[in-house]
Amino acid sequence: MQIPAPRAVLAVLLALVAGGVWGVATADSASGSGSVDIGLSASAPAAKGLRAAGVRVSAGRPATASSKRWTLPVAGATSVTADAFAAGGTLRLKAGKRTVTLTGLRFKVGNALSIDAKLGAKRIVLLSVATTSSARLRRDAGAGTLAISGAPVSLTAAGAKAIRTALKLRRLPAGKLGTATVKVKVARAPVVTVPTTPTTPVVTTPTTPLDVPPDGPTSTTPTTTTTTPTTTTPTTTTTTPTTTTPTPPVDPFDADCPVGATSQTAPSGTQVVDPTLAGTAATGATFSWGFKQSFREYIVNMAGGWLLGRLGATYAANAFSFPFTGGTTTYPDDPVKAVMRHAGVALFCGLGHQFRIAIANPTVVIDGASSRLIGDVSENATGVLSGPNRVVVATLSLGGIVPVYDAVAKTVTWTGIPASLTAEASAAFGGFYAPGEQLDPVTAVVAVP
């Protein structure tokens with residue numbers, strides 16, 4: 001006979017379910033707010049270009065815009081770890097009778113910081129935002145905050161072209177626009193517990209016991225046992241291949257020039273080794289060089305970028321200066337030979353055109369017709385890293401250059417040495433300049449015992 005589950009037990013189970021004693025916590029929700037604030041610099045090339053073209057900028061609510069500042073509110077952010085934050089409102093640009101409206105504004109956080117927008121049906125990267133040593137992106141997932149303050153912001157080449165075309169402007173340069181300050185705060189909501197239905201408990205029904213035979217002799221019927229052979233089915237094991245997602249490369253200069261990196265090529269060709277020179281140890285040396293004036297002007301005025309000295313090098317008065325690390329000289333032999341090794345990096349950041357070039361650890365070789373400048377050259381062109389390749393960057397022509405010996409300072413100085421770009425350096429620069437291109441003259445000073 002079956003024993004039914006007691007009604008009292010069922011009543012308790014139903015009460016537990018209805019009361020929500022058993023349940024699971026859902027993912028907590030969040031909502032956030034903030035702003036993207038762009039301060040225009042009156043002397044910045046792109047800001048000057050907008051004024052010169054007669055472009056007036058206004059905003060659609062809730063954004064605001066004036067001749068000095070554009071403010072785009074950020075609302076509805078659910079996580080500071082997102083790679084894009086929607087900005088409310090629109091920006092309207094007007095020149096004469098023509099007007100263009102930028103919609104769908106977003107602040108994007110990825111390998112590079114940027115602000116994009118929709119112009120008509122096309123989405124364009126409108127502005128690039130650079131991080132510097134004093135303006136770094138700070139993201140705290142625990143506190144729900146993301147911020148960057150006073151970061152250089154530039155009108156991209158794509159943005160300048162799109163605006164120029166839409167407004168029929170004769171000229172609008174890409175380049176530095178001003179500075180950007182971004183603040184996002186996500187407020188976390190409390191955890192909500194949703195009751196769930198528990199697993200129905202198992203009720204065991206006792207079985208009816210076997211009949212007990214009456215007293216008396218028992219008649220036993222012989223039992224016949226039949227054994228059925230067991231068939232074993234072989235087990236087939238299938239191994240699913242593991243797919244490994246490659247880790248994207250990191251540009252060592254991304255903090256100073258956030259172009260971002262998607263791929264990397266290995267160093268190419270034979271790496272040049274600095275020559276050895278039999279002589280006496282130099283007690284010091286100075287080396288200052290600007291690479292090429294027109295290239296510096298292009299970086300700053302057209303490519304929306306800047307020039308930086310890093311890892312010991314400095315940039316001032318249109319030239320990079322590199323600290324001395326060691327070398328030798330044949331002084332007082334005539335002619336004097338010298339090998340002067342230096343450290344540091346000359347960084348050319350063309351962020352508006354999405355590239356950067358670095359020349360690092362230069363060595364100046366003064367050796368008659370074989371005089372040359374050696375350095376590590378690397379490049380990031382739209383996310384593709386190449387190098388560093390140690391190459392002869394320039395050949396130095398000593399013809400007509402007379403070294404000057406200073407008996408008081410105990411130095412030998414070569415001033416204004418003509419320099420020409422080599423084929424190896426041209427390739428390392430991605431063919432930006434052809435071999436033989438005249439570069440800025442080189443001045444080198446070696447301290448002798």
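The values are calculated or read from the model by the stated rules, or taken from the named source; none is laboratory data. Source: prediction; values computed, not measured. Neighbour counts run over all protein chains shown; Cβ positions are idealised from the backbone, glycine included. We work out accessible area using only protein heavy atoms, side chains counted, and drop any ligands, DNA or RNA first. Shrake-Rupley method; radii C 1.70, N 1.55, O 1.52, S 1.80 Å.
Of the accessible area of region 364-441, computed with a 1.4 Å probe over protein heavy atoms only, carbon and sulfur atoms account for 60 percent. When the solvent-accessible area of region 45-160 is split by element, carbon and sulfur atoms take up 50 percent of it, the probe being 1.4 Å.
Taking amide hydrogens as placed 1.01 Å from N in the peptide plane, the amide H of Asp440 sits under 5 Å from those of Phe291, Lys292, Gln293, each at least 5 positions away in sequence or on another chain. Site pair Arg61 and Ser43 shows an inter-label distance of 3.9 nm when each label is modelled 7 Å from Cα along Cα→Cβ.
Using the Cα gyration tensor of region 277-414, with a ≥ b ≥ c the square roots of its eigenvalues, what is the shape: rounded (a/c below 1.5), prolate (a/b larger than b/c) or oblate (neither)? Prolate.
Once the chain from Thr314 to Thr99 is taken as fully extended at 0.36 nm per residue, the excess over their C-alpha distance is 73.0 nm. Using 0.36 nm per residue and subtracting the Cα-Cα separation, the extra length available between Ser134 and Ala434 on full extension is 104.4 nm.
Applying Stokes-Einstein at 37 °C and 0.692 mPa s to the Kirkwood radius of region 110-172, computed over alpha-carbon pairs, gives a translational diffusion coefficient of 244 µm² s⁻¹.
With all projection directions averaged, the alpha carbon convex hull of region 247-338 covers 9.4 nm². Here Lys185 and Thr443 are evaluated by their C-beta separation; at R0 = 45 Å the FRET efficiency comes out at 0.30. When the pairs Lys68/Lys118; Lys122/Lys183; Lys97/Lys176; Lys97/Lys161 are compared against a 25 Å limit on Cα-Cα distance, Lys122/Lys183; Lys97/Lys176 fall above it. Structural size metrics of region 54-186, computed from C-alpha coordinates, are Rg and Dmax of 14.9, 49 Å.
May I ask for the net charge around Ser58, where only other residues with Cβ less than 12 Å from the Cβ of Ser58 are counted and Lys, Arg are +1 while Asp, Glu are -1? Net of charged neighbours comes to +4. For Lys185, the lysines whose Cα falls under 18 Å of its own Cα, not counting residues fewer than eight places away in the same chain, are Lys108. Straight-distance candidates among the aspartates and glutamates for linking to Lys292, with alpha-carbon spacing under 12 Å and chain neighbours fewer than 8 residues away dropped: Glu437, Asp440. Backbone amide hydrogens, once placed in the peptide plane, bring Ala59 within less than 5 Å of Ala65, Arg92, excluding anything fewer than 5 places away on its chain.
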